[in-house]
Structure formats: structure tokens, C-alpha cells
Amino acid sequence: MAGRVNQLINHLKGDTINTMSVQAESWHGVPQAPPDSIFKLTAAYKEDTFPQKINLGVGAYRDDEDKPWVLPVVKKVTEILLNDPGLDHEYLPITGLPSFTSAAAKLILGADSPAITGDRVASVQTISGTGANHLGALFLSRFYGFGEGGRKVWLSNPTWVNHFAIFNNVSIEPITYPYYDPDTIGLAFQPFLNTLRTAAPRCVFLLHACAHNPTGVDPTREQWGQIADVILEKGHYAFFDCAYQGFASGDLEGDAWAVREFVKRGVPLLVCQSFAKNAGLYGERVGALHVVAPTKEAAQRIKSQLSVLQRSEISNPPAHGARLVSLILNDQTLFDEWKRDIRTMAGRIIEMRKELFRLLSEELKTPGNWEHIVNQIGMFSFTGINSEASQALTEKAHVYLTTNGRISMAGLNTHNIRYFAESLDKAVRGQL
Ligand SMILES: Cc1ncc(COP(=O)(O)O)c(C=O)c1O
């Protein structure tokens with residue numbers, strides 16, 4: 001009997017070993033992927049024991065004490081929500097919380113937008129801005145009538161690096177248009193416009209609605225007007241990514257200007273919207289995709305297809321963050337309080353820009369022109385320093401930033417800005 005049992009155990013062991021070796025064989029071809037560069041930077045920063053170290057890599061707001069900031073209005077609505085006796089944990093509808101999606105559409109497009117009054121917007125709640133980009137890209141990959149230019153999307157050079165992966169994942173090839181001019185540390189406007197003009201008709205162009213990531217360089221209103229003219233002329237499609245409404249200038253309306261102007265002019269477009277930065281709800285993943293359609297009937301058809309796509313991707317979006325934002329957007333007092341909180345964040349960043357500019361150009365007389373620091377907008381600033389200087393800042397001064405010279409202004413505060421300016425000054429002079 002014992003012999004039979006041992007025989008059986010050996011047989012099972014053999015099976016396990018065989019299964020494992022088959023599995024090892026099947027996954028043999030999976031290469032090790034490199035770590036995400038921003039998260040790698042943060043990990044290196046955390047390990048560094050130097051007392052004056054600074055993290056300027058991460059794109060998240062920090063207060064003057066370098067701490068994450070829970071917006072007071074978010075604290076308030078969290079209390080309201082948790083004390084609601086009717087609160088349950090049922091599924092949301094596939095396309096999201098209706099009171100959230102409709103208020104979110106009004107926030108970005110404007111309540112008096114012809115798209116809103118004409119009921120021509122298909123809005124779907126998404127997994128923050130990244131999810132909105134993904135769902136928008138997936139929708140285009142299924143339904144957009146790409147012209148002779150092929151299944152391609154034009155991205156600004158440079159752009160948020162995730163855009164490349166998001167479009168590659170749905171088999172739309174990303175290609176780039178000129179955007180940033182390193183000589184002026186500003187917008188390469190004419191080359192950008194020329195690309196819009198010479199591209200095949202009906203191309204898809206991804207545009208950052210405000211606070212361009214990573215450069216902080218936005219077109220002026222006059223330039224946006226010219227961009228819209230050419231897009232209309234060529235029958236292109238505008239894929240707007242709006243991750244920083246309100247966070248850029250402190251003004252929700254001003255930061256939505258380009259999107260609203262394009263809608264007014266009848267440019268075919270969609271908008272990806274995130275509440276990560278402007279509501280400080282990074283981890284709650286609150287966002288929306290709004291496809292502006294030519295008619296109400298087309299919007300209904302588009303929404304039905306977005307619902308089908310969403311069903312197989314995430315089934316139902318998460319409830320908590322959407323409920324928080326819905327409370328804020330649908331109550332005038334809470335909304336006014338949110339606007340004050342937004343101004344606090346944007347205002348602190350604008351102050352840091354002014355102080356950095358003052359330190360570099362007036363006090364330290366750092367070689368070069370630093371006006372772009374105050375002209376750029378939003379979370380990020382492209383300093384214009386080269387990769388050697390960026391690397392020296394990290395290796396010698398313990399200042400963590402991406403090698404393209406991009407800094408997150410939110411990582412600067414009244415305690416560390418002088419150390420940063422002095423380190424940058426030395427890096428530029430090659431004295432680090
Ligand atoms: C340009 C841009 N788009 C989209 C996002 C998406 O952010 P999230 O998915 O956290 O809303 C970001 C975040 O950094 C961004 O900078």
C-alpha cells in the first residue's frame with residue numbers, strides 16, 4: 001500500500017515538474033522591461049540620505065512643507081459622503097455616475113457651449129486622464145475614418161511619454177509634429193503650423209489643452225485660432241488631452257479656453273479630462289472622456305459604442321472619487337471653495353516661478369536668459385539645460401529631475417528653492 005502511495009506522489013511530483021518546465025519554456029521569450037523612468041527617479045530619491053535632496057521629477061502637487069496636500073474641499077465632501085446614510089457600494093452604470101459626467105462636461109466645455117445646449121456630447125467616466133486617453137484612442141481605432149495618412153496619430157515633440165504607449169496599444173502609430181524650439185525655449189509655431197498644413201487630410205492631432213507636459217509652453221490665443229483654422233481647412237481631428245484645467249493658471253475658465261474655442265468653431269474633437277491634479281485625487285482615478293458629435297443622434301450612437309468598449313475593459317468605473325467630484329461640481333458653495341483651493345495650488349507654483357527667476361537672473365546672475373521660467377505655465381518647466389547639467393544636478397547636488405531638463409515646479413518650496421537655484425547656477429557654469 002505504502003509503495004502505491006509513494007508511486008502516486010512521485011507521479012504527481014513529476015507532473016508538477018513537467019508543468020513547471022513547460023511554463024518556464026513558454027515564458028522564455030518575455031524580456032525584462034525597463035522600469036518607468038519617473039518612478040525609478042523617485043525610488044532613487046527615496047534611497048538618498050542627503051538632507052538637502054530635492055525631488056523635481058514627480059508630477060504631483062506638494063505644499064510648502066513638501067507634503068502631499070488634501071484639498072480642504074475634498075476633506076469636506078469626504079465627510080459628507082461618509083455620513084450619507086444612503087451610501088452603498090453598488091456598481092455605477094457602465095458609462096459612470098451621470099451627475100458626475102454631465103457636470104464634468106459642463107466644466108470643460110462651458111455650460112453655454114453649443115455642444116452642451118445641443119445635447120451633442122457623449123460623456124463617459126474613465127480611469128482618470130490615462131483611462132480617458134485610452135478609451136478615446138480605442139474608440140478612434142475602431143471607428144475613425146483614417147484618411148490616406150493611415151492609422152496614425154500626430155503627437156507633439158515632446159509630449160507626455162505615455163501617449164506613445166497608449167496609441168501603440170490600440171495599433172495607431174504615433175508620429176510627431178514639431179512643438180518645442182530649444183533655441184527659443186518656446187513654441188516652434190511655424191513648423192507646427194506647416195505640419196498641420198502639409199499632413200494628409202483627416203489626420204488626428206493630439207493637443208494639450210493647457211499647461212503642456214513636459215514643456216510648460218502653450219500657444220497664445222491668437223496662435224490657437226490659427227491652429228483651429230488649419231485643422232478645419234484640412235478636416236483634421238483634434239484629440240484634446242486636458243490634465244491640468246485650473247491647475248495651470250488658477251482659472252478653470254481660462255484653462256479651458258482653447259477647447260471651448262475649437263468647439264465654437266466646429267472643429268471635430270474629443271476631450272480627455274482628469275481630476276487628478278486639480279482636485280488632488282491622484283489615486284482615486286477620476287476622469288472623463290467627452291466626444292463632441294455633430295448631432296444629438298450621433299452623440300447617442302457614439303455613447304452606445306463607448307459603453308460597449310468600456311464594458312469589456314473595466315465593466316464599471318470606480319464610484320468614490322466620482323461621487324466626491326460630483327458633490328463639488330453640483331453645489332455652488334463647494335464649487336467656490338474648490339476654486340479657492342485651486343488658486344492656492346496654482347498661486348504657490350506661480351510664486352515659485354517668480355522666485356526662481358529672481359534668484360537666477362537678478363541675484364546669482366546665472367548665464368543665459370531665464371524668462372521662460374515665468375512665461376511657462378503649469379506643473380512643469382523646461383529649464384533648457386542640457387542632459388549633462390541635469391545629470392550633474394542629480395549626481396552631485398542630489399536634485400532629482402529628468403535628463404531632458406524638465407522640473408516639477410511643485411517640488412520647489414520656500415525652504416529648498418535657494419539651494420536649487422544655487423545648484424542650477426553651478427551646473428550651468430560647469431562648476432558642479
Ligand atoms: C498630459 C497628461 N495627460 C494625461 C495625464 C494622466 O494623468 P492621470 O491618469 O493621473 O489623470 C497626465 C499626467 O501626468 C498628463 O501629464
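How much length would be gained if the chain were fully extended between E233 and S361, taking 0.36 nm per residue of separation minus their Cα-Cα distance, in nm to one decimal?
41.8 nm
Report the accessible area of S312, computed with a 1.4 Å probe over the heavy atoms of all protein chains in place, in Å² rounded to the nearest 10.
100 Å²
Less than 14 Å Cβ to Cβ from L360, Lys/Arg counted +1 and Asp/Glu -1: what total charge do the surrounding residues give?
Summing Lys and Arg as +1 and Asp and Glu as -1 gives +1.
Treating cross-link reach as a plain straight distance, find the aspartates and glutamates whose alpha-carbon is under 20 Å from the alpha-carbon of K75, omitting any fewer than eight places away in the same chain.
Candidates past the 8-residue exclusion: D63, D64, E65, D66, D84, D88, E284, D331, D336, E337, D341.
Using modelled amide H (1.01 Å from N, peptide plane; none on Pro or chain starts), what sits under 5 Å from the amide H of A209, excluding residues fewer than 5 places away?
Result for A209 returns D241, C242, A243.
How big is the shadow of the Cα convex hull of the range 21-125, averaged over all directions, in nm²? Don't jump to the answer; show the numbers that get you there.
Values: hull surface 58.4 nm².
Hull-based average projected area comes out at 14.6 nm².
Out of the GluC sites (Glu not before Pro) in the range 68-160, which ones are loop residues according to DSSP with at most 14 other C-beta atoms within 10 Å?
Here the GluC sites (Glu not before Pro) that fit, given the DSSP loop and packing criteria, are E90, E148.
On a C-alpha basis, how far is the centre of the range 105-131 from the centre of the range 276-354 in Å? Whole number, if you could?
The range 105-131 and the range 276-354 have Cα centres spaced 9 Å from each other.
Please compute the Cα-Cα pair-distance distribution of the range 80-119 with 10 Å bins starting at 0, giving whole percents from short to long.
Percent of pairs per bin, in order: 24, 38, 25, 13.
Take the cross-link list K53/K152; K40/K277; K277/K365; K152/K339 and give me the ones stretching past 30 Å between alpha-carbons.
K53/K152; K277/K365; K152/K339
Within 13 Å, Cβ to Cβ, of V77, how many net charges do the neighbouring residues add up to if Lys/Arg are +1 and Asp/Glu are -1?
Values: positive: K75, K76, R323; negative: E79, D84, E284, D331, E337, D341.
Charge balance in the 13 Å sphere: -3.
Take every DSSP beta bridge whose two residues both sit in the chain, then give the antiparallel share in percent to the nearest 5.
In the chain, DSSP labels about 45 percent of beta bridges as antiparallel.
In 5 Å bins starting at zero, report the fraction of Cα pairs in the range 235-391 per bin as a rounded %.
1, 8, 12, 15, 16, 14, 13, 8, 6, 4, 2, 1, 0
If you line up the Cα atoms of the range 57-201 on their principal axes, what length do they span on each, largest first, in Å?
59, 43, 33
Can you give the net charge of the other residues whose Cβ lies under 12 Å from the Cβ of I94, counting K and R as +1 and D and E as -1?
+1
Longest span of the chain, sites excluded, free of chymotrypsin sites (Phe, Trp or Tyr not before Pro) in DSSP loop with at most 16 other C-beta atoms within 10 Å? Please report the intermediate quantities before stating the final value.
Numbers: sites that count: W27, Y91.
No qualifying site falls inside 92-432, the longest such stretch.
From zero outward in steps of 20 Å, how is the percent of C-alpha pairs of the chain spread across the bins?
Pairs per bin, as whole percents: 24, 51, 20, 4, 0.
Could you tell me which GluC sites (Glu not before Pro) in the range 381-432 are loop residues by DSSP with no more than 13 other beta carbons within 10 angstrom of their beta carbon?
none
Give the long-range amide H neighbours of V153: residues separated by 5 or more places, or on another chain, with amide H under 5 Å away, using H modelled in the peptide plane at 1.01 Å from N.
For V153, the qualifying residues are E173, I175.
Suppose we keep just the DSSP beta bridges with both residues in the range 91-330; what percent of those would be antiparallel, to 5?
DSSP beta bridges in the range 91-330 are roughly 45 percent antiparallel.
Please list, ordered by chain and number, the residues whose modelled amide H lies under 5 Å from the amide H of Y180; skip anything fewer than 5 residues away on the same chain.
Counting only residues 5 or more places away or on other chains, the set is N157, A188.
Ignoring ligands, DNA and RNA, please state the percent of accessible area on the chain from carbon and sulfur, probe 1.4 Å.
Carbon-and-sulfur percentage of accessible area, whole number: 54.
Accessible area per residue of the chain at 1.4 Å probe, in Å²? Can you show the working numbers first?
Numbers: 20270 Å² over 432 residues.
With all protein chains present, the chain gives 47 Å² per residue.
By what distance, in whole Å, do the Cα atoms of the range 91-330 stretch along each of the three principal axes, largest value first?
Largest first, the range 91-330 extends 50, 38, 33 Å along its Cα principal axes.
The values are calculated or read from the model by the stated rules, or taken from the named source; none is laboratory data. This structure is a prediction, so every number in the text was calculated from the model and none was measured. FYI the Cβ positions are ideal-geometry reconstructions off the backbone, even for glycines, and counts take in every protein chain you see. Side chains included, ligands, DNA and RNA excluded: accessible areas come from the protein's heavy atoms. Shrake-Rupley method; radii C 1.70, N 1.55, O 1.52, S 1.80 Å.
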